[in-house]
Amino acid sequence: MPKAPGRLIDDVVSQVVGEDVLPLVKVLKNKKNVSEFKLASSIRREINLTRNMLYRLYDHNLVSFNRKKDKKKGWYIYYWTFNLKRVKYLTEDLKKKRFERLQERLDREESTQFFSCPTNCIRLSFEQSTDFEYKCPECGQLLQQEDNRKKIEDIRKELLGLQKDLKKKVSG
């Protein structure tokens, strides 16, 4: 498998596990079977914090490990490897989830009449606006009916782009 670009890896890891794990991934990315103690030392974090990050990565199959018993001390040491192939599948998953959320948002935008504050404090549905008597609950200004055609158009464009991307993966 070709190497995934660094930015893609960073984006996927950030979205799925959290940005705080990026320094660990940078150290682990191109190596195999790295001791958890070496990893903790490399990122200058306590072993418990490092293990927590590794477990979060493991929960998404982004890392695998081998366990070996230390003959002198009698406890197990874990050696970790980053699973680069998994990034590709997670990227696809994230796109599918994004597509679903955008589709839901498009449905809401098309089926709901929105009102917003002239100073952009808040955006409310028709029902919410009537509850507040068409006055902004934040600043008290009169709410104005919103023209959301541009938002709908932008969402459709993004959906189309994601749809093409996802089809490319299936046929490619």
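Just so you know, all these numbers are worked out from the coordinates, no wet-lab data involved. Bear in mind that the values here come from a model prediction, so they are computed numbers and not experimental data. Here Cβ is always computed from backbone atoms with ideal geometry, including for glycine, and neighbour counts include all displayed protein chains.
Which residue is surrounded by the most Cβ atoms within 10 Å (Cβ to Cβ), if the candidates are limited to the stretch 103-115 and must be of a type outside the set (D, E, K, R) and under 29 Å from the mean Cα position of the chain (by Cα)? Ranking the candidates gives Phe114 first.
Quick one: which helices (runs of 4 or more DSSP H) sit completely within the stretch 1-59 and have at least 1 residues that are within 22 Å of Leu94 (Cα to Cα), of a type in the set (Lys, Arg) and out of contact with any Asp or Glu (no Cβ under 6 Å at 6 or more places or on another chain)?
On the way: elements: 6-16, 22-28, 36-42, 47-59.
Helices (runs of 4 or more DSSP H) meeting the threshold: 6-16, 22-28, 47-59.
Only one of these is surrounded by 12 or more Cβ atoms within 10 Å (Cβ to Cβ), among the hydrophobic types (A, V, I, L, M, F, W, C), farther than 30 Å from Asp165 by Cα and in contact (Cβ under 8 Å) with a residue 40 or more places away in the chain: Val34, Val27. Name it. It is Val34.
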